[in-house]
Every structure is written in structure tokens, then in C-alpha cells.
1. Just to check your reading of the model, which residue among LYS105, LYS119, LYS163, LYS143 is under 29 Å from LEU22 (Cβ atoms) and of a type in the set (Lys, Arg)?
2. Among the residues of region 101-122 satisfying the criterion of being among the hydrophobic types (A, V, I, L, M, F, W, C) and at pLDDT below 90, which is surrounded by the most Cβ atoms within 10 Å (Cβ to Cβ)?
3. Scan region 66-79 for residues that are at pLDDT 65 or above and in contact with a Lys or Arg (Cβ under 9 Å, 6 or more places away or on another chain) and jot them down.
4. Picking from LEU57, LEU52, LEU15, LEU22, which residue would you name as being closer than 18 Å to THR76 by Cβ, in contact with a helix residue (DSSP H, G or I) (Cβ under 6 Å, 6 or more places away or on another chain) and of a type in the set (A, V, I, L, M, F, W, C)?
5. Given the condition modelled with pLDDT of 80 or more, loosely packed, with under 13 Cβ neighbours inside 10 Å and closer than 27 Å to GLN194 by Cα, answer yes or no: does some residue in region 16-36 qualify?
6. Hey, does region 170-188 have a residue that's touching a residue at least 40 places away in the same chain (Cβ under 8 Å) and either in a strand (DSSP E or B) or not assigned by TED's automatic domain parsing to the domain that holds PRO102 (or both)?
7. Out of all the residues in region 48-56, is one or more within 26 Å of the chain's Cα centre (by Cα), surrounded by 14 or more Cβ atoms within 10 Å (Cβ to Cβ), modelled with pLDDT under 85 and not assigned by TED's automatic domain parsing to the domain that holds GLY131?
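The values are calculated or read from the model by the stated rules, or taken from the named source; none is laboratory data. Everything quoted here is computed from the prediction, not taken from an experiment. Methodologically, a virtual Cβ is constructed for each residue, glycine included, from the backbone with ideal geometry; neighbour enumeration extends over all protein chains shown.
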Amino acid sequence: MPKKIDHERNRQIILEFIEKFLDEYDAMPSVREIADGTGIPATTAYRTVKTLNDEGLIKYKGHTRRTVEYMPESRTLNVEVIGYVSCGAGEEEEEQHLGFIPLSKDMVGNHDYYALIAKGESMIDAGVNPGDYVIVQSDRQAKFGDIVVALMDGVNNLKVLAKGDDEVVCYLRSRNADKERYPDIPVTNELRIQGVARYVIHQFGRLVD
């Protein structure tokens, strides 16, 4: 019995191969190079390329040396806005779908991101203002000095992960000169880092690293 072709899997494999080929060689592959590089039969690779062309994800140019081009949209990463994050004392927040933010992969890379809308003023000295979109990388290991989305004792917070002067006790630290209003929060065993803040989009739309 003939083996069933997994078209969706082939589609994903080919898109990933094209992107890696582009990053490595700064050029687009031919259909033959796609077939050789993925192990997908040339006929199947050709059909998948045609389908991707019809969907507008790539541009297929036929019998030329470089038969495939990426469309600009395929270099875009749609980051989901999943709710709010407190920059103050911390609040319990529910995940919700609030739309998507398109970002260029050439600028932010191809990582796992989500976005949150900042609330409060404890991080204004770090450039995070109320209403800003915070782009969070969920597949990045947090280090001391990073701004993190912290879940602790049932509440979420956006703070700097910091060490105390004794190098033993860890804190969630604000970036606001008013230390009386925004004191350091000692870290407990309940701390869960949910991602590292990498970019901020201010209300006027500028992307800040």
C-alpha cells in the first residue's frame, strides 16, 4: 500500500529549510537543493513549492538558477499579545488573546515570543511605561540583570532579576528612583520565570532593544 504523504509536514520542513538556507548562504535555494537538503522527493518538493507560491509565502520563478524567493511576509513573526503584566506590586493576571504584533525576523530573530501590555510605573527608568507592549522571549534562559516576567506567590510581575549585596539573597527589583514606593521583593522558592523581556514597543510605535 503506498505511503500517505504528509503535506503539512513537508510544507513545514521546506519552509524551515528555505529559512536556514537563506541565513547560511544569503541566497535562496533551487527546488533541487530543497529536495536534496530535506530528503523529500523532487516531485513532492516541486508540488509543495507550488502550493506555497499559491499561498503567497514564497515566490516560485520557474526554470531559473534560483527558482524560489521569500516573500517579505514570510520574514515576519506574528507575536501574540496574551494579556497584561504589572510593573508594580504584582497582580494575578488571566491569559487572554488581544491580537498580534508583526515583527521582522531580521530584527528579533526566530525565537519563541509573546507580548504583554505593561501596567504601573515601577519600570519607567528601564524605558517601560504604562501601556507599552513588552516583547517577551520565552525560550531564553534568564540571567541576573535581565528584566523578567516573574510568577511568584500567585501573582505576575515585570522586574529585574537581581542579587543582593550578600550575593546570596535574590530579589525582584524595580527600575524606579522611588525605592520607598517600589522596594526590592525577596525571591521565594515559588518563583517561576515565564520569560525574559527583550524589546519594548512604545505607544508611538518605535521598537526599542
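1. Working: LYS119 fails: under 29 Å from LEU22 (Cβ atoms); LYS163 fails: under 29 Å from LEU22 (Cβ atoms); LYS143 fails: under 29 Å from LEU22 (Cβ atoms).
Matching residue, one of LYS105, LYS119, LYS163, LYS143: LYS105.
2. Of everything passing the filter in region 101-122, LEU103 is surrounded by the most Cβ atoms within 10 Å (Cβ to Cβ).
3. Scanning region 66-79 gives ARG75, THR76, LEU77.
4. Checking each option against the conditions leaves just LEU57.
5. Checking region 16-36: at least one residue is modelled with pLDDT of 80 or more, loosely packed, with under 13 Cβ neighbours inside 10 Å and closer than 27 Å to GLN194 by Cα.
6. yes
7. yes
Here is a yes/no grid of residues against (1) outside any helix (DSSP H, G or I); (2) modelled with pLDDT under 85:
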site	(1), (2)
PRO2	yes, yes
ILE14	no, no
ALA45	no, no
THR64	yes, yes
VAL81	yes, no
